[in-house]
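Working notes, structure below.
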Amino acid sequence: QVQLVQSGGGLVQPGGSLRLSCVASGSIFSMYDMGWYRQAPGNQRDLVAAITSSGRINYADSVKGRFTISRDNAKNTVLLQMNSLRPEDPAVYYCNAARWSRAYWGQGTQVTVSS
């Protein structure tokens, strides 16, 4: 069992930056593949960025070059640094932990981009 607690997010102007944080507890964090997903109203939940337990990273095409995912296994934390935010980025962002066939989700955090 893994518990994920998210922080960060909020309101930012276009072109601004935000950082999302997700702290895990309850299991061996380093063994989990971690990811950030987002879901806008009326849309499905889509992968934004992921980092495997071995450190392999992939990004959605829409955020490449703007977002950076990282993990600190000593702190059981995964971060999503979001730069150059655009009007199409607003959504509820969710942290995800996955291992084998099990997946766990954070509580979600709203990101709003508006001038």
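V12: net charge of surrounding residues, Cβ under 14 Å, Lys/Arg +1, Asp/Glu -1, itself excluded? Before the final figure, lay out the partial values.
Numbers: positive: R19, R66, R86; negative: E88, D89.
Every neighbour counted, the sum reads +1.
Give, in nm to one decimal, the length gained when the segment between W105 and A40 is fully stretched (0.36 nm per residue of separation minus the Cα-Cα distance).
Additional length available on full extension: 21.8 nm.
Using a probe radius of 1.4 Å on heavy atoms only, what accessible surface per residue do you get for the stretch 28-115? Whole Å² is fine. Walk me through the numbers before you get to the answer.
Working: 4700 Å² over 88 residues.
Each residue of the stretch 28-115 exposes 53 Å² on average to a 1.4 Å probe.
In the chain, carbon and sulfur make up what percent of the accessible area (probe 1.4 Å)?
Working: 2900 of 6110 Å².
The value for the chain is 48 percent carbon and sulfur by accessible area.
Just the number, please: percent antiparallel of the DSSP beta bridges in the chain, rounded to the nearest 5. Before the final figure, lay out each step's value.
Values: 40 of 43 bridges.
Bridges in the chain that DSSP calls antiparallel: roughly 95 percent.
Could you order I57, I51 so the one with the most accessible surface comes first? Probe is 1.4 Å.
I57, I51
The values are calculated or read from the model by the stated rules, or taken from the named source; none is laboratory data. Predicted model only: the values in this text are computed from it and were never measured. Counting neighbours? That spans all protein chains shown, and the Cβs are built from the backbone with ideal geometry, glycine included. Note: areas computed on protein heavy atoms with side chains; ligands, DNA, RNA excluded. Shrake-Rupley method; radii C 1.70, N 1.55, O 1.52, S 1.80 Å.
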